[in-house]
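These notes are about the structure you will find just below.
Nothing in this text is a laboratory measurement; each read-out follows from the coordinates by a stated rule. Source: prediction; values computed, not measured. Here the Cβ is made from the backbone with ideal geometry for all residues, glycine too, and neighbour counts use every protein chain on show.
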Amino acid sequence: MTNLFTTLKILGFPIKKASQILQSIPDGNDFRNWHTQKRWEAFQFHFENNSSYRNYVGNIPAKWEEIPVLSKKDFFNANISLKPDHSKYRRYYRQSTSGSTGSPFTFYSDYLTHALIWAIIERNYNQAEISLNSLQARFFGIPSPFFSRLKEKTKDFLSRRVRFQVINLSENNIEKWLQRMKSRKFIYLYGYSFPLFFFAKHLNSRNATLKDLVPSLRSCIITSEMCSHEEQELMENAFGFNVYNEYGASEVGILGFGDTGNWKISEETLHIEIVDDEGFPVKDGEVGRVVCTQLFQQGTPFIRYDVGDLAAIKTIDGKRYITQLQGRKEAMLKLPSGRRMPGDTLFHFVMEEFNRKFPNLIYQFQAIQKDDFSIEMKLISGHPLSEIQKETLKKTINRHAKEEINIDIQRVSDIPGDGRTKRQRFISCE
């Protein structure tokens, strides 16, 4: 057991039971029968215990494909409860996400499901020859508010993570990363692919290999953003060790793990389908919407839940892999001073902070940079924002950017995507 698992056990998460469940899952043909049974059990639980979800579904479907696909917007529009009707007898872990689609969302997981997600992560890390107890160089941002920052720093301490700020991608700051990394015996890198790719390019410009400079490093795990094969290869050459790609969604956990474009699906805890616009499965190799069902979840009813990505699935030796994933790439925000910073990352933390103050007010958002001095914020909300809420949002953006930007807030009825990828949180003027 790792220190993190010990902490989770102290907090009441059934880590031992989660490990036993994973070990008891059958192989081969027995696995397929088990998997089919579990997904129907998951549906049956929410249908029987969540009256608003039952009303949304209607009659019990004869076929799995007849169960309606759910999106974030459906939870809002159909007023589907995020917990079973009699949730007071069960403990839930409350989570929220600003969403890579720009759709904020709060949801609940039962303690066993949350423990299973961590058990799957540990299994993936073992594949990368590391563990959750290995010292991590974490390339993520961090919230600005004091208590949120304190919470993240506490989690970093308990999880043996050292955070490297990713907002500033200047050459000077990247050089500071390198000097800081030499001061500790880090075992692996973890974080957004965008800053790690910048880091790799910096090393290449110096004709340096990270493994030579920090010999304790073994692996790198990238997450959250799109990464091409060429970018992964460049990182592996610059770092001197393997780069693994983790594909997940905040609501349902880790969907797949492995090489870019070849993610082995976490079928022990998820049923993943690729469907067309009508919600019916497409053939292996065809691109469609990624739809997930959590097999053990007894909190928010993530049954045939659309995570907002397009991808395909292939089957090799009975194992299923996600391929041709079409998500998002980071765009850069230009500031009046000439500084540039990752726009998606900035607005992730901006909306995370805003949503804590005004939960479930904003259904979806998109920031569009018009020029170096102005940003247009498009918002889909349950009701118009008050002047206080507008000013709070503007001040939050400027505080995270550390510069004054003209911000035009517009309430709209729809934020169209491009029909191919997730809607972007941020669109650059470049």
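Details
- Here the Karplus curve 6.51 cos²θ - 1.76 cosθ + 1.60, taken at θ = phi - 60°, turns the phi angles of the stretch 151-159 into couplings of 4, 5, 5, 5, 4, 4, 4, 5, 9 Hz, with x standing for Gly and Pro.
- Total formal charge among the other residues, if their Cβ is under 13 angstrom from that of residue 109, Lys/Arg +1 and Asp/Glu -1: +2
- Residue-averaged 222 nm ellipticity for the chain, from DSSP H runs of 4+ at -39500 (n - 2.57), nearest 500: -11000 deg cm²/dmol
- From phi via Karplus (6.51, -1.76, 1.60), per-residue ³J(HN,Hα) for the stretch 161-177 in Hz, x at Gly/Pro: 10, 10, 8, 10, 5, 10, 5, 9, 10, 6, 4, 5, 5, 5, 5, 5, 3
- For the chain: relative contact order, % (alpha-carbon pairs under 8 angstrom, 6 or more apart): 16
- Nearest-0.05 FRET efficiency for residue 184 and residue 48, computed from C-beta distance (R0 60 Å): 0.75
- Directionally averaged projected area (convex hull, Cα atoms, the stretch 332-427), nm²: 5.9
- Listing 36, 300 from fewest to most neighbouring C-beta atoms within 10 Å gives 36, 300.
- Förster radius 22 Å - calculated FRET efficiency between residue 172 and residue 403, Cβ distance, rounded to 0.05: 0.80
- Translational D in µm²/s for the chain (Stokes-Einstein at 10 °C, 1.306 mPa s, Kirkwood Rh from C-alpha pairs): 70
- Sites residue 250 and residue 337 - FRET efficiency at Förster radius 51 Å, r taken between beta-carbons, to 0.05: 0.95
- Relative contact order for the stretch 159-312, counting Cα pairs under 8 Å that sit 6 or more residues apart, in percent: 14
- Each Lys and Arg contributes +1 and each Asp and Glu -1, all at the Cβ; summed about the Cα centre of the stretch 1-328, the dipole is approximately 1700 debye.
- Listed by chain and number, the aspartates and glutamates placed with their C-alpha closer than 14 angstrom to that of residue 185 are 212; residues fewer than eight positions away on the same chain are left out.
- Estimated distance in nm for a label pair at residue 208 and residue 73, the labels positioned 7 Å out from Cα along Cα-to-Cβ: 4.8
- Above-threshold pairs, the threshold being 19 Å between Cα atoms, out of 73/314; 264/319; 38/63; 334/370; 63/283; 176/394: 73/314; 176/394
- Neighbour-count ranking [beta-carbon atoms within 10 angstrom, fewest first] of 209, 345: 209, 345
- Across the stretch 128-140, coupling constants 3J(HN,Hα) worked out from phi with the 6.51/-1.76/1.60 Karplus curve, θ = phi - 60°, read 8, 6, 9, 9, 5, 8, 6, 5, 10, 8, 9, 9, 10 Hz, and Gly and Pro carry x.
- Chain lengthening between residue 390 and residue 41 when straightened (0.36 nm per residue, less Cα-Cα): 121.2 nm
- Sorted ascending by nearby beta carbons within 10 Å, beginning with the fewest, 60, 67 become 60, 67.
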